[in-house]
Amino acid sequence: MNVSIILAAGEGTRMKSKKTKVLHEVCGKPLLDYVIRASKGAKVEKNIVIVGRDGEQVKGHFKGENLEFKTQPMGEGHPYGTGFAAMQAVPYIEDSSTVIILSGDTPLITEDTIEKMFNYHRENNFDGTVLTTILEEPTGYGRIIRGEGGHVSKIVEERDANPEEKAIKEINSGIFCFRGKLLKYALSKIDNENAQNEYYLTDVIEVLKNEGYKIGAHIIVDSNEIHGVNSRRQLAFCEEIMRRRINKRHMDDGVTIVNPDNTYIEDGVSIGRDTIIYPGVSIKGDTKIGEDCVISGDTTIIDSIIQPRVTIRSSLVEGSIVGQGTTIGPYAHLRPNSKIGENVSIGNFVEVKNSNIKDNTKANHLAYIGDADIGHNVNIGCAVVFVNYNGKEKFRTTVGDNAFVGSNSNLVAPVEVKSWGYVAAGSTITKEVKEGELSIARARQVNIPNWVERKGLKK
Ligand code: UD1
Ligand code: CA
């Protein structure tokens, strides 16, 4: 059986964060998410995740997934280090298993690389294999020391390395394969006599080598895959690489991304063919975008479904559904739970919240539509306000098909404008408007002749 031990208990001190490191996000998903996915993708049957102080939070995030969690004891009096973390899994590892060790902080690793490493490990009959790469700037990583026959003889951490070792550019990715039995044995032999007083997992290599076991190194060419996240700067670096990967995938699938370096699409997003995305757009969370859409300007779309042929300009769309052929913006805001029909027009400075708007309806300028059910073919004039809140409770407003709500009107909920109901501009509607009625709810206009002259205002 293939078993993974995924190390995710570290304190992440260098992040200077209140949040546990492996839950920091790259392109909208926690670092650990990507590592687990790669491991499962490489057909690792059992995945043991070692969690620490914020273990409950980490477990909460992966609720319902097929994972085993083991907690590394933390705090005063407890040892620390990747070796100690791996020891937490020892009771659950069978001698005959092939164990792969992964770091929860290397999100760019791919299932393909893990599979290749497995094969390399097996084909060469190694007792242990470490995944390495060559870095021009190896600072911070453990260095690979090779001995006789090019086999790995040990790994030296940056802080324990002498100048000669520091000059080595082959580094430890933190990803290993071991025979279960040998890993368990070697972990029982390591100590914490080093610069950081930590149990280093990397010391397992030297233990095994000294007993005559054969340790291989699988070098990957695309060193990007093994970049770890220890600091915010490295987090940004991984974000950039992941962003390029995601954008490349969409472009390969037929999406036009005008400037991929300035387009932010999170991991869980899907986009249909021939959709065009202009620079500055962010698409986040669980969002699905159909074919032939055009999305431009300072637009952010979160957790929404955008059907085909929709145009969105410089707008914020959250938790909403937008029907085919509809146009949104510029400067519109669809707040959660808005369901917009087909060929609708939501224009400049229009805010919609928790509302249903049916096909062919227009709200082109400066309106607030909150808690409303609006029918087909309705015209919502400029600056109409759906008054949904009395300071304590919220109420809904209904506007029937083909109704017309004149500019600068207030619809005070709960209220209904029936289909073909007309509301005159500037009205404040508090009572039902029946089918076919025109409702004028404003003071009558009074014109006073010669008023200016009488007041002596005109010299
Ligand atoms: C580690 C390796 C280094 C390698 C680098 C690759 C060791 C001693 N060093 O260094 O050779 O080049 O990864 O990225 O292994 N963790 C625990 N419990 C702990 C400490 C850490 O679970 O007590 C976890 C962390 O959450 C992290 C992983 O182990 O996911 C690696 O720990 P980290 O402190 O980041 O190790 P590095 O200094 O990066
Ligand atoms: Ca690290």
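The values are calculated or read from the model by the stated rules, or taken from the named source; none is laboratory data. Since this is a predicted model, take the numbers as computed values, not measurements. Here Cβ is always computed from backbone atoms with ideal geometry, including for glycine, and neighbour counts include all displayed protein chains. All accessible areas refer to the heavy atoms of the entire protein, side chains included, with ligands and DNA or RNA removed. Shrake-Rupley method; radii C 1.70, N 1.55, O 1.52, S 1.80 Å.
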Quiz prompt | Residue satisfying condition, being crowded, with 24+ Cβ neighbours inside 10 Å and free of Cβ contacts under 8 Å to residues at least 60 places away in the same chain, within set 22, 49 | solution = 49
Quiz item: Which residues, taken from region 79-98, are away from ligand 1 (no atom under 15 Å from the Cβ) and touching a residue at least 12 places away in the same chain (Cβ under 8 Å)?
Solution: 92, 93, 94, 95, 96, 97, 98
Quiz item: Within region 398-411, is even one residue in a strand (DSSP E or B) and closer than 24 Å to residue 303 by Cα?
Solution: no
Self-check item: When residues of region 162-187 are limited to those that are part of a loop (DSSP other than H, G, I, E, B) and not basic (Lys, Arg), the one nearest to ligand 1 (Cβ to nearest atom)
Solution: 168
Quiz item: (1) over 22 Å from residue 86 (Cα atoms); (2) in a loop (DSSP other than H, G, I, E, B); (3) open to solvent by less than 10 Å² (accessible area, probe 1.4 Å); (4) not charged (D, E, K, R): which one isn't true of residue 133, the others all being true?
Solution: (2)
Practice problem: With respect to residue 120, determine if the residue is open to solvent by 30 Å² or more (accessible area, probe 1.4 Å) and assigned to a helix (DSSP H, G or I). | Solution: yes
Practice problem: Check region 401-416 and report whether any residue there is open to solvent by less than 90 Å² (accessible area, probe 1.4 Å) and charged (D, E, K, R). | Solution: yes
Quiz item: Residues 114, 109: which one is within 16 Å of ligand 2 (Cβ to nearest atom), more than 20 Å from residue 203 (Cα to Cα) and touching a Ser or Thr at 6+ places or on another chain (Cβ under 9 Å)?
Solution: 109
Quiz item: Just checking, which of 91, 138 is in a helix (DSSP H, G or I) and at negative phi?
Solution: 91
Quiz item: With respect to the numbered conditions (1) among the hydrophobic types (A, V, I, L, M, F, W, C); (2) within 9 Å of ligand 1 (Cβ to nearest atom); (3) within 22 Å of the chain's Cα centre (by Cα), which one is the sole condition not fulfilled by residue 49?
Solution: (2)
Exercise. Restrict the check to region 158-171 and report whether at least one residue is within 16 Å of ligand 2 (Cβ to nearest atom), touching a residue at least 24 places away in the same chain (Cβ under 8 Å) and closer than 30 Å to residue 244 by Cβ.
Key: yes
Quiz item: For region 195-210, does any single residue satisfy the condition of being farther than 28 Å from residue 138 by Cα and either aliphatic (A, V, I, L, M) or more than 16 Å from ligand 1 (Cβ to nearest atom) (or both)?
Solution: no
Quiz item: Tally time: how many residues in region 244-259 are in a helix (DSSP H, G or I) and either surrounded by fewer than 17 Cβ atoms within 10 Å (Cβ to Cβ) or out of contact with any helix residue (DSSP H, G or I) (no Cβ under 8 Å at 6 or more places or on another chain) (or both)?
Solution: 8
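If I ask for residues that are assigned to a loop (DSSP other than H, G, I, E, B) and over 16 Å from residue 176 (Cα atoms), which ones from region 200-221 would you list?
First, pick out the residues of region 200-221 that are assigned to a loop (DSSP other than H, G, I, E, B): 200-202, 211-214, 220-221.
Correct list: 211, 212, 221.
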Self-check item: Restricting region 87-132 to residues that are among the polar types (S, T, N, Q) and closer than 19 Å to residue 213 by Cβ, the residue that is nearest to the chain's Cα centre (by Cα)
Solution: 132
Exercise. Output the residues belonging to region 197-219 that are touching a helix residue (DSSP H, G or I) at 6+ places or on another chain (Cβ under 6 Å) and either open to solvent by less than 20 Å² (accessible area, probe 1.4 Å) or touching a residue at least 40 places away in the same chain (Cβ under 8 Å) (or both).
Key: 199, 200, 201, 204, 208, 215, 218
Quiz prompt | Matching strands (runs of 3 or more DSSP E) fully within region 293-385 where at least 2 residues are within 18 Å of residue 402 (Cβ to Cβ) and either β-branched (Val, Ile, Thr) or not assigned by TED's automatic domain parsing to the domain that holds residue 27 (or both) | solution = 362-365, 372-374
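With closer than 16 Å to residue 144 by Cβ, within 13 Å of ligand 1 (Cβ to nearest atom) and of a type in the set (A, V, I, L, M) as the only criterion, which of 226, 215, 190 stands out? Give the derivation first.
Details: 215 fails: within 13 Å of ligand 1 (Cβ to nearest atom); 190 fails: closer than 16 Å to residue 144 by Cβ.
Only one candidate qualifies: 226.
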Quiz item: With respect to residue 143, is the statement that it is within 16 Å of ligand 2 (Cβ to nearest atom), surrounded by fewer than 17 Cβ atoms within 10 Å (Cβ to Cβ), more than 22 Å from residue 123 (Cα to Cα) and not small (Gly, Ala, Ser) true?
Solution: no
Exercise. Restrict the check to region 70-81 and report whether at least one residue is in contact with a Lys or Arg (Cβ under 9 Å, 6 or more places away or on another chain) and under 30 Å from residue 300 (Cα atoms).
Key: no
Quiz item: Taking into account only those residues within region 99-111 that are in a loop (DSSP other than H, G, I, E, B) and open to solvent by 10 Å² or more (accessible area, probe 1.4 Å), which is farthest from ligand 1 (Cβ to nearest atom)?
Solution: 110
